[in-house]
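Notes for the one structure printed next.
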Amino acid sequence: MMLCSPLLGALLTIVAGCLCLLKLLRHRGPREPPLDKGLVPWLGHAVAFRKNMYEFLKRMWAKHGDVFTVQLGGQYITFVMDPLSFGPIIKDTQRTLDFTEFAHELVLKVFGYRPMDGDHQMIHSASTKHLMGQGLEDLNKAMLDCLSLVMLGPKGPSLDASCWHEDGLFRFCYSILFKAGFLSLFGCTKDKAQDLLESEELFTKFRRFDLLFPRFVYSLLGPREWVEVGQLQRLFHKRLSVEQNLEKDGISNWLGYMLQFLREQGIDSSMQDKFNFMMLWASQGNTGPTCFWALMFLLKHQDAMKAVQEEATQVLGEGRLEGRKSFAFALSSLKHTPVLDSVIEETLRLGTSPTLLRMVQKDCVLKMDSGQEYQIRRGDKVALFPYLSVHMDPDIHPEPTVFKYNRFLNPDGTRKVDFYKSGKKIHHYNMPWGSGVSICPGRFFALSEIKIFVLLMVMYFDFELVDPNVPVPPLHPRRWGFGTSQPSYEVRFRYRLKPMHAVSS
Ligand code: HEM
């Protein structure tokens, strides 16, 4: 028995070594996509990919064409760049592609949450029930109240509210959306001033985690940052703990439904805390940054600003606070804003860059729209990066880098859904939410949040860039592939509440 262990160890090492060697020695097989392993063994192209995924994929696409396999840190990933061929991958018609396995690994590492098999379906059914339809209307009301609280303060507008204030536009949007989104989903107490204070503190920690996030995912943090990330994780588990938050009012039905499911499955409370952290991240990491891009584009495109303001006045009337403590806002008008819808769709096209990743569970054949077929190996991953292959394709979106507020509007003012590639109508012409099994289940709520915020800004506030000539900042190169991008630098702006009308007696 004593002899067995070293022998077994040696045997396992040899087997593992052989497997690694096989991976290292991999060659392109017949009917397989072009294989680019890079010059560095095992690492392959990992450094260039992590440094700037967009530029790297652009190079690979130009070199290899619409389908290619690259080696990234011991993994082989096949990128498909032809959107006309996305259908079978997104629909997974051969049932060979899996989304959950690596998603489970990732959330364990990043949030400490160990998912169960039914989690994915549970999150999507909670979202269908409570982030769409009537559930969404209730949540919109809560969001509007929370935006009033955050933007006007617990006692309503203060005396100096109509003075000009200066701030960073990104910080301003992100902090408002975070605080209001957090309070409407995770609930408030009776002490609104304290809630505000706590959500502000939480935002500061969230931003720190957010800044470390891309390098954390790629395991590129320095030793001190590793320690910090661990501390932040523990802080979030504690601050979002189900026990600490028992006495809160108005925890959203969405979160309540999911936590009840976990309880019924016998998941212990410390794991539920980690689940809460994961949901905080999913629900708050993209909406604030998207609002930044929306306001930035409006500020730089006065024709778009004018069109949105005119539409807002048409559907909501003049914004008047008249000494009220909260915004007067008919939520039903959210269904009648095609111009704003187009502005937001265009903002998401330009600002959001998700990666869709699927694990190949058995050898399969990838059928391209051109009729070409490629053999794909079990254990590899298949990936789509629609920002480059769809959002920036000049055939689908002429002048793709330009913000055109009416790009998603027909001449008769209705929503435009007809887009073409190589003369063929294309289904996936804008993919900020991902697609298929992993599509964002919070997208309808996210759209409502963004719309309410932008409408409140244009109706109730004057705002302008401190330097009108400041260009729209480039997207941060380290955040490609992680949902809504962040700007490479902050942009200063000033804002004030529009002078209030006197209260009529
Ligand atoms: C502009 C805002 C948002 C954007 C651009 C966005 C984008 C995305 C994308 C691309 C994914 C899929 C990632 C993948 O394929 O792996 C995703 C997943 C997810 N999103 Fe969003 N999202 C936004 C806002 C929200 C909001 C407000 C909520 C909830 C209230 C939410 C909840 C989720 C959840 C729970 C998942 C994971 C779903 C799963 O496990 O399948 N998102 N989001």
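The values are calculated or read from the model by the stated rules, or taken from the named source; none is laboratory data. Bear in mind the structure is a predicted one, so any value in this text is a computation, not a measurement. Cβ sites come from the backbone with ideal geometry, for glycine too, and all protein chains shown count toward neighbours.
In summary, helices (runs of 4 or more DSSP H) completely within the range 31-114 and bearing 1 or more residues that are of a type outside the set (Asp, Glu) and under 15 Å from Arg377 (Cα atoms) occur at 86-91. Of all the numbered requirements in (1) in contact with a Leu (Cβ under 9 Å, 6 or more places away or on another chain); (2) over 26 Å from Gly230 (Cα atoms), Gly118 misses one, and that requirement is (1). Look at the range 462-481: where a residue is not assigned by TED's automatic domain parsing to the domain that holds Met53 and acidic (Asp, Glu) and a partner is surrounded by 14 or more Cβ atoms within 10 Å (Cβ to Cβ) and assigned to a helix (DSSP H, G or I), sitting 6+ places away or on another chain with Cβ atoms under 8 Å, you get Glu464/Leu299.
For Lys179, indicate whether it is modelled with pLDDT of 95 or more, charged (D, E, K, R) and crowded, with 21+ Cβ neighbours inside 10 Å. Yes, satisfied. For Tyr429, the criteria (1) in a loop (DSSP other than H, G, I, E, B); (2) aromatic (Phe, Trp, Tyr); (3) farther than 16 Å from Gly87 by Cβ hold in every case but one, which is (3). Which of the residues that make up the range 47-98 are among the charged types (D, E, K, R), at negative phi and within 16 Å of the ligand (Cβ to nearest atom)? Lys91, Asp98, listed by residue number. Taken together, the residues in the range 216-258 that are at positive phi and either β-branched (Val, Ile, Thr) or within 16 Å of the ligand (Cβ to nearest atom) (or both) amount to 1. Within the range 108-120, being more than 11 Å from the ligand (Cβ to nearest atom) and under 18 Å from the mean Cα position of the chain (by Cα) holds for Val110, Phe111. Being surrounded by 16 or more Cβ atoms within 10 Å (Cβ to Cβ), within 16 Å of the ligand (Cβ to nearest atom) and not assigned by TED's automatic domain parsing to the domain that holds Gly423: is that true of Ile123 here? Spelling it out, it is not the case that Ile123 is surrounded by 16 or more Cβ atoms within 10 Å (Cβ to Cβ), within 16 Å of the ligand (Cβ to nearest atom) and not assigned by TED's automatic domain parsing to the domain that holds Gly423.
Each row is one residue, and each column tells you yes or no for (1) touching a Lys or Arg at 6+ places or on another chain (Cβ under 9 Å); (2) surrounded by fewer than 18 Cβ atoms within 10 Å (Cβ to Cβ); (3) among the β-branched types (Val, Ile, Thr).
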site: Gln314; (1), (2), (3): no, yes, no
site: Phe329; (1), (2), (3): no, no, no
site: His336; (1), (2), (3): no, yes, no
site: Val339; (1), (2), (3): no, no, yes
site: Glu346; (1), (2), (3): yes, no, no
site: Ser353; (1), (2), (3): yes, no, no
site: Leu357; (1), (2), (3): yes, no, no
site: Cys364; (1), (2), (3): yes, no, no
site: Pro386; (1), (2), (3): no, no, no
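Here Glu101 meets each of (1) within 30 Å of Leu211 (Cβ to Cβ); (2) within 11 Å of the ligand (Cβ to nearest atom) with one exception, condition (2). One residue alone among Arg407, Arg443 is farther than 30 Å from Val70 by Cβ and among the basic types (Lys, Arg), and that residue is Arg407.
Just one of the listed residues (Phe463, Phe453, Phe482, Phe445) is within 16 Å of the ligand (Cβ to nearest atom), closer than 27 Å to Glu318 by Cβ and of a type in the set (A, V, I, L, M, F, W, C), namely Phe453. For beta carbons closer than 6 Å, sequence separation of 6+ or different chains, a first residue in the range 133-153 that is more than 14 Å from Ile176 (Cα to Cα) and assigned by TED's automatic domain parsing to the domain that holds Lys325 and a second that is surrounded by fewer than 21 Cβ atoms within 10 Å (Cβ to Cβ) and among the hydrophobic types (A, V, I, L, M, F, W, C), the qualifying pairs are Leu136/Phe444; Asn140/Leu331.
Scanning the range 415-428 for residues that are within 19 Å of Tyr405 (Cα to Cα) and within 16 Å of the ligand (Cβ to nearest atom) yields no hits at all. Taking the range 274-359 and the helices (runs of 4 or more DSSP H) fully enclosed by it, the elements with 1 or more residues that are within 16 Å of the ligand (Cβ to nearest atom) and among the basic types (Lys, Arg) are at 338-351. Taken over the range 149-176, residues that are hydroxyl-bearing (Ser, Thr, Tyr) and modelled with pLDDT of 95 or more amount to 2. Taking the range 135-191 as the range and being touching a Pro at 6+ places or on another chain (Cβ under 8 Å) and not small (Gly, Ala, Ser) as the test, the residues that pass are Phe170, Cys173, Tyr174.
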